[in-house]
Every structure is written in structure tokens, then in C-alpha cells.
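To start, the structure under review is shown below, and the notes come after it.
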Amino acid sequence: MAYRGRSLRTMRESKQIQLRHIANETRIGMAYLEDLEMERFDRFPGKFYFRSFSRAYARSLGLDPNEVSTDLSVAYEEWSGERTAPANGTAAHADEDGILHRLGGIIRRVQEV
């Protein structure tokens, strides 16, 4: 199964697990969990946090954290403009738009605090 944010929300709701319960269990803020479920990638401070949060969320639902994180990372990379390494082995990198979106997410989070 390919995991996406909305499918995880549906799965969580079918198990009758409140988002607040996951927030308490994982110590991840409710806003980030909502953003994960809605795939609002611009609200995360970076890919590292996004992957960490998706893995913790998956564990709390009893899912394979590696599989969930990998599936969601594909969506994140599509959004951010990151490119995977081409067959010739050159390094992967993010384009400027992806970096600007991530910086915007960080600034919004800081302003919310």
C-alpha cells in the first residue's frame, strides 16, 4: 500500500485514535501532525523533521515506519523540487523553490510561537 497523508488520517480515524493521543505519545505538536495528514509540506522545518515525524506517526498507528516514511518522502520530494540522483551518479540536490518553501515553513512556525 502506498501511504499518503490523507490515507493515514483515514486509517487513524478507522482505528478511532484521536490525533491528540498521537501528539501525546510522540511528543509532536498537533499542528505538525495535522500538517502531515494534509500534506502541507511547507510547514515543516525540513526533510529531516518531516521524515522523523512521519516515522513516529506510523509507529503510533502500528505501521511500518520505514514504508510510511519512504512513501511520504516521495510526495515531499515532489513538492520540494528535490531530484533523485540520475543514473550517471551525480549528486542529488534541491532547487531554489524547494528551499524557499522550507524557509517559509520555518518562519511561519517561529511566528506562531
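The values are calculated or read from the model by the stated rules, or taken from the named source; none is laboratory data. Source: prediction; values computed, not measured. Cβ placement follows ideal geometry from the backbone for every residue including glycine, while neighbour counts extend to all protein chains displayed. Note: areas computed on protein heavy atoms with side chains; ligands, DNA, RNA excluded. Shrake-Rupley method; radii C 1.70, N 1.55, O 1.52, S 1.80 Å.
Descriptive notes on the structure:
- Test: residue in segment 23-33 that is acidic (Asp, Glu) and either in a loop (DSSP other than H, G, I, E, B) or in contact with a Gly (Cβ under 7 Å, 6 or more places away or on another chain) (or both): no
- Filter result (of a type in the set (S, T, N, Q), open to solvent by 20 Å² or more (accessible area, probe 1.4 Å) and either under 19 Å from ALA2 (Cβ atoms) or touching a strand residue (DSSP E or B) at 6+ places or on another chain (Cβ under 7 Å) (or both)) within segment 13-70: SER14, ASN66, THR70
- Checked against (1) under 13 Å from the mean Cα position of the chain (by Cα); (2) surrounded by 16 or more Cβ atoms within 10 Å (Cβ to Cβ); (3) modelled with pLDDT of 85 or more, VAL74 meets all criteria but (2).
- The residues on offer are GLU82, GLU78, and the sole one that is out of contact with any His (no Cβ under 8 Å at 6 or more places or on another chain) and either not in a helix (DSSP H, G or I) or not β-branched (Val, Ile, Thr) (or both) is GLU78.
- The condition of being part of a loop (DSSP other than H, G, I, E, B) and either within 17 Å of GLU67 (Cα to Cα) or among the hydrophobic types (A, V, I, L, M, F, W, C) (or both) holds for only one of TYR57, TYR3, that being TYR3.
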